[in-house]
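The values are calculated or read from the model by the stated rules, or taken from the named source; none is laboratory data. Being a predicted model, the structure only gives us computed values, none of them experimental. Ideal geometry is used to build each Cβ from the backbone, glycine not excepted, and the neighbour counts take in all protein chains shown. With ligands, DNA and RNA removed, areas are computed over all heavy atoms of the protein, side chains included. Shrake-Rupley method; radii C 1.70, N 1.55, O 1.52, S 1.80 Å.
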Amino acid sequence: MDTQRILIVDDEPRIRMTVRGYLEADGFEVLEAGDGPSGLAAAVREQPDLVVLDVMLPGLDGFEVLRRIRAISRTPVILLTARTEELDRVIGFTAGSDDYVTKPFSPRELALRARAVLRRTHSPEAEEDRVLRFEGLAIDPDARTVTRDDDRSVELSALDFDLLMALARAPGRVFTRRGLIESVWGRDFFGDERVVDVHIRTLRRALGDDANAPQFVGTVRAIGYRFLARPLS
């Protein structure tokens, strides 16, 4: 199996050095960049398996780098952010990030999250799945595409796609937030369970789903969520 490559984009050399040590100890090949423009160039040129991207970067901030990566690639991205406001997280997820880690952070936690993201996005199990068809929606696990019944393509981050798949594989089943985290983020996830709510909002927005009258993702009060669309035979 080829060694997976991770690009770290952060303007603090100490952080890059520390994270590099943990990731290399886990068997990854690590690339580095110290600002937004060079990070974007490295992401395009090197095509790494994962990008760890700081939000506060010189030249181009992390959100803009992420948007430009997403315009040409589905490479998974973990955001590093010192901003704790939920709005910033929503902006990042809407732009297409797959996870976030808030500074200050544990390098071991970041390494675990990196492995979890790579496990989600490089799993061979998806190749065995067939297209899932519902009223108003088709999901292709192999191509990792989502299409509305008007042939409109739905753009999702890798993590939001995995969240949709977890729900759609068991239509009608009620999932708790913890159950979704274990299915999508993995059992080694460290963080607030409310991250699920953030991703449900971005998923609904991408699907054009009204939270007050949902067609696809419904809320089960005080418990969690379920997939509402009826499967087509």
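When a 1.4 Å probe is rolled over the protein heavy atoms, the share of accessible surface on region 155-233 that falls to carbon and sulfur comes to 47 percent. Maximal additional length on extending the Ala25-Glu182 stretch stands at 54.0 nm, based on 0.36 nm per residue less the C-alpha distance. The listed peptides 51-57, 189-195, ordered by packing as a protection proxy, come out as 51-57, 189-195 (highest mean of other Cβ atoms within 10 Å first). Taking 0.36 nm per residue of sequence separation and removing the Cα-Cα distance, the Arg133/Leu232 pair yields an extension gain of 35.1 nm.
Applied to region 133-138, the Karplus parametrisation 6.51 cos²θ - 1.76 cosθ + 1.60 on θ = phi - 60° returns per-residue 3J(HN,Hα) values of 10, 10, 4, x, 7, 10 Hz, with x for Gly and Pro.
Within the listed set Arg108, Arg68, Arg152, the residue fluctuating most in the Gaussian network model of the chain (springs between alpha-carbon atoms under 10 angstrom) is Arg152. Surface exposure of region 117-200, expressed per residue as accessible area with a 1.4 Å probe, stands at 50 Å². Entry note, the chain: relative contact order of 14 percent, from Cα contacts under 8 Å with a spacing of 6+ residues. Residues whose amide H lies under 5 Å from that of Gln4, counting only those 5 or more places away or on a different chain, are Glu29; hydrogens are built 1.01 Å from N in the peptide plane.
For the chain, the fraction of alpha-carbon pairs lying more than 27 Å apart is 33 percent, rounded to a whole number.
Here the simple spin-label model places points 7 Å from the Cα toward Cβ, and for Glu155 and Arg14 these points are separated by 3.8 nm.
Annotation: amide H-H contacts under 5 Å for Leu60 (H modelled 1.01 Å from N, sequence separation of 5 or more, or interchain): Gly36.
Mean residue ellipticity at 222 nm, helices only, the chain: -11000 deg cm²/dmol; runs of at least 4 DSSP H residues each add -39,500 (n - 2.57), and the sum is divided by the number of residues.
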